[in-house]
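Okay, structure first, notes after.
Bear in mind these aren't lab numbers, they're just calculated from the coordinates by the rules spelled out. For clarity, every value in this text was computed on a predicted model and none was experimentally measured. Counting neighbours? That spans all protein chains shown, and the Cβs are built from the backbone with ideal geometry, glycine included.
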Amino acid sequence: MNILLLGKGGQVGWELQRSLSVLGQLTALDFDSTEHCGDFSNPEGVAATVRALRPDVIVNAAAHTAVDKAESEPDFARKLNATTPGLIAAEAAKLGAWLVHYSTDYVFDGSGDEAWAESDATGPLSVYGGTKLEGEELIRASGAKHIILRTSWVYAARGGNFAKTMLRLAQERDRLTVINDQFGAPTGADLLADVTAHAIRHLQSRPEDAGLYHCVAGGVTSWFDYARFVIEQAQKIKPDLKIKATEIAPVATSAFPTPAKRPNNSRLNTAKLQDTFGLTLPHWQHGVQRMLTEIL
Ligand code: NDP
């Protein structure tokens, strides 16, 4: 099986380099790759890469993920999150190749407190969420064999993430304030990569299971409880860690105004993914604990 991985340097892309390597011949590209174009600001260039490499499976981990910045550069965000994935899907359809793509809880409006199912109506609040939804729609319309995994609150040991930021701030400041009215599940890039590899294998014999799936770790938390968990666990893992913050205070989203509006309810129902692919998604705390052990 020839696999083309796009966005190899991102959180998920990095882990995919590991998990996809056992499935076949992997070509992994980034925006600055020289041999073949992997730059999503050049949609025709990426389409030409697909035509040249003729992969059996394309995994797209590249995206414009700077949620606030996207508000001031919507055309660029659309190119990366919708136009280029749409063209990749069109090329995949011509080749008969599979396309694996990632999307987000930000396609929803965040109302209520029920976990969103794949069949629920979308209503993005931000340019990022809107352009990711457009990407999904273009892929569906292309006729390509595809799987789209919507996920949330992605973290990885490599690169910056919320947990690392909280640990740093807790060592620098006396008091932390963290949002307690947004709910979701922190999801490891390693978990997403492993699910992706499993799904690709599964789809080779069960192509009828193509489609849209929600893929997040088990359980639900708020950013506030997530921060508290990170700091408590870090102190257990590394007792000599100097935590200066004596207080972690919960605050409403309105205390941190940002250019992009974020959904309050980011809970995603993963029953369809677990049932279809025979998987058990571990509780979010397991992955976060493992990541903390790795970075501390
Ligand atoms: P990252 O931001 O870590 O990775 C995105 C990758 O895309 C980076 O390697 C980035 O490169 C690359 N990229 C940026 N611009 C271009 C370009 N012009 N051409 C090619 N590549 C480019 O994101 P994640 O790994 O966390 O996200 C993976 C997927 O999951 C995305 O589809 C995202 O929308 C989705 N998702 C992510 C969530 C999160 O919390 N992070 C939540 C929900 C969904 P560089 O780093 O150099 O800019």
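Here are some notes:
- For segment 111-131, the set of residues classified as aliphatic (A, V, I, L, M) and surrounded by fewer than 24 Cβ atoms within 10 Å (Cβ to Cβ) consists of ALA115, ALA117, ALA121, LEU125, listed by residue number.
- Some residue of segment 227-234 being small (Gly, Ala, Ser) and within 21 Å of ALA163 (Cβ to Cβ): yes
- Every pair of residues 6+ apart whose Cβ atoms lie under 6 Å, when the first sits in segment 135-156 and is closer than 23 Å to VAL50 by Cα while the second is of a type in the set (Ser, Thr, Tyr): GLU136/SER103; ILE148/SER103; LEU149/TYR102; LEU149/TYR213
- For GLY159: the one exception among (1) within 11 Å of the ligand (Cβ to nearest atom); (2) closer than 27 Å to TRP223 by Cα; (3) buried (at least 20 other Cβ atoms within 10 Å of the Cβ): (3)
- Going through (1) touching a residue at least 60 places away in the same chain (Cβ under 8 Å); (2) of a type outside the set (Ser, Thr, Tyr); (3) out of contact with any Gly (no Cβ under 7 Å at 6 or more places or on another chain) one by one, GLY188 falls short only on (3).
- Of all residues in segment 80-110 being within 25 Å of SER205 (Cα to Cα) and charged (D, E, K, R), the one that is surrounded by the fewest Cβ atoms within 10 Å (Cβ to Cβ): LYS94
- Residue list for segment 143-156, restricted to those being β-branched (Val, Ile, Thr) and more than 9 Å from the ligand (Cβ to nearest atom): ILE147, ILE148
- Near pairs, Cβ below 6 angstrom, 6+ apart or cross-chain, from segment 273-289 (touching a residue at least 40 places away in the same chain (Cβ under 8 Å) and surrounded by 17 or more Cβ atoms within 10 Å (Cβ to Cβ)) to any residue that is assigned to a loop (DSSP other than H, G, I, E, B) and of a type in the set (A, V, I, L, M): LEU281/ALA217; TRP284/ALA185; TRP284/ALA217; GLY287/ALA217
- Number of positions in segment 202-246 that are among the basic types (Lys, Arg), farther than 30 Å from GLU137 by Cβ and surrounded by fewer than 16 Cβ atoms within 10 Å (Cβ to Cβ): 4
Table: residues versus (1) of a type in the set (Gly, Ala, Ser); (2) touching a strand residue (DSSP E or B) at 6+ places or on another chain (Cβ under 9 Å); (3) more than 17 Å from ARG228 (Cα to Cα).
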position	(1), (2), (3)
PRO257	no, no, yes
LYS261	no, no, yes
ASN265	no, yes, yes
HIS283	no, yes, no
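- Of all residues making up segment 58-75, the number that are within 13 Å of the ligand (Cβ to nearest atom) and within 12 Å of LEU87 (Cβ to Cβ): 1
- Counting the residues of segment 178-188 that are closer than 15 Å to PRO250 by Cα and either among the polar types (S, T, N, Q) or within 11 Å of the ligand (Cβ to nearest atom) (or both) gives 2.
- Segment 37-57, subset farther than 18 Å from LYS145 by Cα and surrounded by fewer than 16 Cβ atoms within 10 Å (Cβ to Cβ), residue farthest from the ligand (Cβ to nearest atom): ALA52
- Qualifying positions in segment 170-195 - under 30 Å from SER111 (Cβ atoms) and hydrophobic (A, V, I, L, M, F, W, C): LEU176, VAL178, ILE179, PHE183, ALA185, ALA189, LEU191, LEU192, VAL195
Residue-wise test of (1) outside any strand (DSSP E or B); (2) under 13 Å from the mean Cα position of the chain (by Cα); (3) more than 23 Å from ALA89 (Cα to Cα); (4) within 13 Å of the ligand (Cβ to nearest atom).
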{"residue": "PRO124", "(1), (2), (3), (4)": "yes, no, no, yes"}
{"residue": "THR131", "(1), (2), (3), (4)": "yes, no, no, yes"}
{"residue": "GLU134", "(1), (2), (3), (4)": "yes, no, no, yes"}
{"residue": "ALA141", "(1), (2), (3), (4)": "yes, no, no, no"}
{"residue": "LYS164", "(1), (2), (3), (4)": "yes, no, yes, no"}
{"residue": "LEU176", "(1), (2), (3), (4)": "no, no, yes, no"}
{"residue": "ASP190", "(1), (2), (3), (4)": "yes, yes, yes, yes"}
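- If you go through segment 11-36 and keep only what is buried (at least 19 other Cβ atoms within 10 Å of the Cβ), without any contact (Cβ under 8 Å) to a residue 60 or more places away in the chain and within 12 Å of the ligand (Cβ to nearest atom), you end up with GLY13, ALA28, LEU29.
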